[in-house]
There are 2 protein chains.
Amino acid sequence: MFFEGSEKKVEIVVSKSAPSLRSLGQPFWEEMVAKCNATILSSISNDKCDAYLLSESSLFVWEHHFVMLTCGTTTLVESVKTFMDKFEKEQILSVIFQRKNEYQSHLQKSSFEQDIDSLQKRMSGVAYQLGNLDTHHNYVYHLDKPYVADDNDYTYELLMYHIQGSIAQYLRSENQNAQAIRKLMNFEEILPGFEINDFVFEPFGYSMNAIKDGFYATMHITPQEDSSYVSFETNLDLANQHPHIFNNLIATLQPGNFDIISFNGIPSVETINHLLMNQVDEPLSCGYVMRFYEYLQQQTTPLRAYKLK
Amino acid sequence: MFFEGSEKKVEIVVSKSAPSLRSLGQPFWEEMVAKCNATILSSISNDKCDAYLLSESSLFVWEHHFVMLTCGTTTLVESVKTFMDKFEKEQILSVIFQRKNEYQSHLQKSSFEQDIDSLQKRMSGVAYQLGNLDTHHNYVYHLDKPYVADDNDYTYELLMYHIQGSIAQYLRSENQNAQAIRKLMNFEEILPGFEINDFVFEPFGYSMNAIKDGFYATMHITPQEDSSYVSFETNLDLANQHPHIFNNLIATLQPGNFDIISFNGIPSVETINHLLMNQVDEPLSCGYVMRFYEYLQQQTTPLRAYKLK
């Protein structure tokens with residue numbers, strides 16, 4: 001029952017001289033999504049953004065930029081290459097490609113090293129590792145081109161490992177439903193006014209996209225005991241306007257460990273159960289300050305039986 | 001320059017009715033070692049034990065049991081299978097096969113799951129995971145057969161990650177020599193009276209075997225910046241007679257993080273720089289109590305440039 005929840009992610013910004021990404025239409029994005037072995041399940045739209053819920057995560061498309069996250073053993077790098085090949089070099093203003101460290105990296109179809117080797121044939125990028133190899137870490141590769149992000153351009157990612165408690169238990173149960181999950185996650189409170197599109201997988205697993213004006217939030221739950229992983233990501237200004245969102249999710253899901261990654265925002269959480277074990281705050285040459293905070297809990301874990309064939 | 005220091009390990013005990021393992025001679029053990037893609041570099045012997053220094057780690061052979069550790073991308077499971085095929089089932093009293101979590105598991109030739117699938121065709125074993133998947137963990141597979149260990153049968157393993165300080169710097173330098181390393185590691189003090197056999201690899205990297213009567217100690221240093229790893233293992237009674245050995249090594253090598261694994265011994269270290277983040281103490285059905293203690297340091301790490309081709 002192992003499923004790799006940990007995502008690969010790409011965010012690409014094109015210039016105003018490039019065609020509107022939304023105007024490329026669903027067939028274009030279907031091809032992009034197919035390249036990494038995912039499919040579009042459904043979508044919602046508003047004036048600013050099209051949000052696609054994927055068989056393995058999410059895609060958000062605005063006029064001149066998009067964000068795509070995929071998990072499992074998807075090959076997001078193939079989607080990135082396909083996209084790059086359809087645009088003029090000068091039209092691409094920013095590319096940030098991320099891989100979170102995986103539970104079982106040996107099951108992936110490519111390594112980060114292989115991914116960036118093939119990206120490097122199409123652009124001139126630089127790559128970094130945030131965090132130590134022996135614990136949580138994150139790889140990032142970005143186009144090495146100065147880019148000036150808008151003042152209100154923030155990204156916050158919350159990556160939760162080993163969720164615990166009664167809500168985690170519900171998320172592992174059969175016959176769960178989206179309405180109940182929305183309520184348990186307090187979306188009405190933490191994402192007021194957002195339009196929500198979600199999906200419950202069989203036998204469990206949950207994906208959610210939410211949009212409001214140009215803002216998005218997305219959440220993906222892999223509840224499997226021993227390898228649970230939940231990610232939440234948003235471009236809301238958490239530091240100044242919505243400081244309670246991450247605290248609320250951490251209280252709900254009681255993760256054993258969690259990470260926060262941010263671009264141009266300063267993470268802040270209140271937790272008495274976790275210690276900030278590693279912290280990276282670094283400006284990238286593409287114009288963002290990237291932060292990676294690793295919070296762990298002091299634990300006593302049982303011996304876990306490993307299933308034999 | 002990446003090298004996977006993290007070891008696979010096997011310890012097998014045969015019955016008194018089986019041939020003496022030492023009497024099988026070097027050609028037998030050369031074949032065993034070749035099966036996992038290593039070679040014997042040199043050996044030392046005393047009345048009780050033959051200690052082979054390998055191109056990738058170590059092998060210790062007593063009359064009726066042996067311990068073999070191999071690192072890099074060696075396939076220790078192949079050696080284990082070769083050994084099993086040469087003995088009667090009833091002659092095998094205990095088999096404990098371990099894999100420490102690797103820095104880069106996707107570079108390994110087989111996964112733990114694949115290893116134990118093939119072992120399970122030759123014996124009836126059980127497998128466990130100690131620690132959480134997202135941080136340090138250890139896999140163990142053992143023959144599911146009651147075994148009564150001697151009262152003084154202890155194993156202690158110290159696994160150190162990200163070594164720091166001036167001695168770590170020396171270990172990364174060129175033109176280092178074994179004599180200087182022995183002195184820096186205080187072997188005279190921590191292993192008094194032991195016969196030592198060691199080897200300095202090019203451009204760096206160090207392996208050491210030490211024996212005294214039936215006691216052994218072995219140390220393997222992979223000093224590479226960003227992926228350094230040092231292991232020390234012994235069957236000395238650390239809890240009661242040699243409590244300072246691990247403290248001494250930790251003070252010398254200043255690891256960012258470290259684990260202690262023990263069989264039938266209770267780990268104890270003094271460290272003000274590390275927090276005990278996870279602890280597993282569990283009896284195994286093969287007669288040993290296995291312990292896994294994970295110590296981490298609170299850190300602020302820089303962004304690490306990832307080398308592009």
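Each reported figure results from applying straightforward, stated rules to the coordinates on display, with no laboratory input. Predicted model, so just to flag it, every value in this text is computed and none were measured. Cβ sites come from the backbone with ideal geometry, for glycine too, and all protein chains shown count toward neighbours.
Structure notes:
- Scanning the stretch B:261-293 for residues being within 20 Å of residue B:96 (Cβ to Cβ), in contact (Cβ under 8 Å) with a residue 60 or more places away in the chain, out of contact with any helix residue (DSSP H, G or I) (no Cβ under 9 Å at 6 or more places or on another chain) and not hydrophobic (A, V, I, L, M, F, W, C) gives a total of 7.
- The sole residue among A:248, A:257 that is out of contact with any Cys (no Cβ under 6 Å at 6 or more places or on another chain), in contact (Cβ under 8 Å) with a residue 12 or more places away in the chain and away from chain B (no Cβ under 14 Å) is A:248.
- Of the residues in the stretch A:47-58, none is of a type in the set (Phe, Trp, Tyr), surrounded by fewer than 23 Cβ atoms within 10 Å (Cβ to Cβ) and touching a Ser or Thr at 6+ places or on another chain (Cβ under 7 Å).
- Within the stretch B:102-125, tally of residues that are surrounded by 17 or more Cβ atoms within 10 Å (Cβ to Cβ) and within 7 Å of chain A (Cβ to nearest Cβ): 6
- Some residue of the stretch A:227-242 being without any contact (Cβ under 8 Å) to a residue 60 or more places away in the chain and under 19 Å from the mean Cα position of the chain (by Cα): yes
- Residue, farthest from the chain's Cα centre (by Cα), within the stretch A:256-298, restricted to residues that are closer than 22 Å to residue B:281 by Cα and assigned to a strand (DSSP E or B): A:296
- Take the conditions (1) under 19 Å from the mean Cα position of the chain (by Cα); (2) β-branched (Val, Ile, Thr); (3) over 30 Å from residue B:55 (Cβ atoms); (4) within 14 Å of chain A (Cβ to nearest Cβ); residue B:301 misses just one of them, which is (1).
Residue-by-condition table, conditions (1) among the aliphatic types (A, V, I, L, M); (2) within 30 Å of residue A:159 (Cα to Cα); (3) in contact with a Lys or Arg (Cβ under 7 Å, 6 or more places away or on another chain):
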| residue | (1), (2), (3) |
| --- | --- |
| B:133 | yes, yes, no |
| B:138 | no, yes, yes |
| B:155 | no, no, no |
| B:159 | yes, yes, yes |
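- Scanning the stretch A:267-292 for residues that are of a type in the set (A, V, I, L, M) and either surrounded by 15 or more Cβ atoms within 10 Å (Cβ to Cβ) or within 13 Å of chain B (Cβ to nearest Cβ) (or both) returns A:269, A:275, A:276, A:277, A:280, A:284, A:289, A:290.
- Residue within the stretch A:177-190 that is in contact with a strand residue (DSSP E or B) (Cβ under 9 Å, 6 or more places away or on another chain), touching a residue at least 12 places away in the same chain (Cβ under 8 Å) and more than 20 Å from residue A:251 (Cβ to Cβ) present: yes
- Residue in the stretch A:207-215 that is within 19 Å of the chain's Cα centre (by Cα), among the hydroxyl-bearing types (Ser, Thr, Tyr) and closer than 11 Å to residue A:156 by Cα present: no
- Every condition in (1) at positive phi; (2) under 21 Å from the mean Cα position of the chain (by Cα); (3) surrounded by fewer than 16 Cβ atoms within 10 Å (Cβ to Cβ) is met by residue A:37 except one, and the failing one is (3).
- Subset of the stretch A:128-138 that is at the interface with chain B (Cβ under 7 Å from one of its Cβ atoms) and either in contact (Cβ under 8 Å) with a residue 40 or more places away in the chain or more than 30 Å from residue B:277 (Cα to Cα) (or both) - its residue that is surrounded by the most Cβ atoms within 10 Å (Cβ to Cβ): A:130
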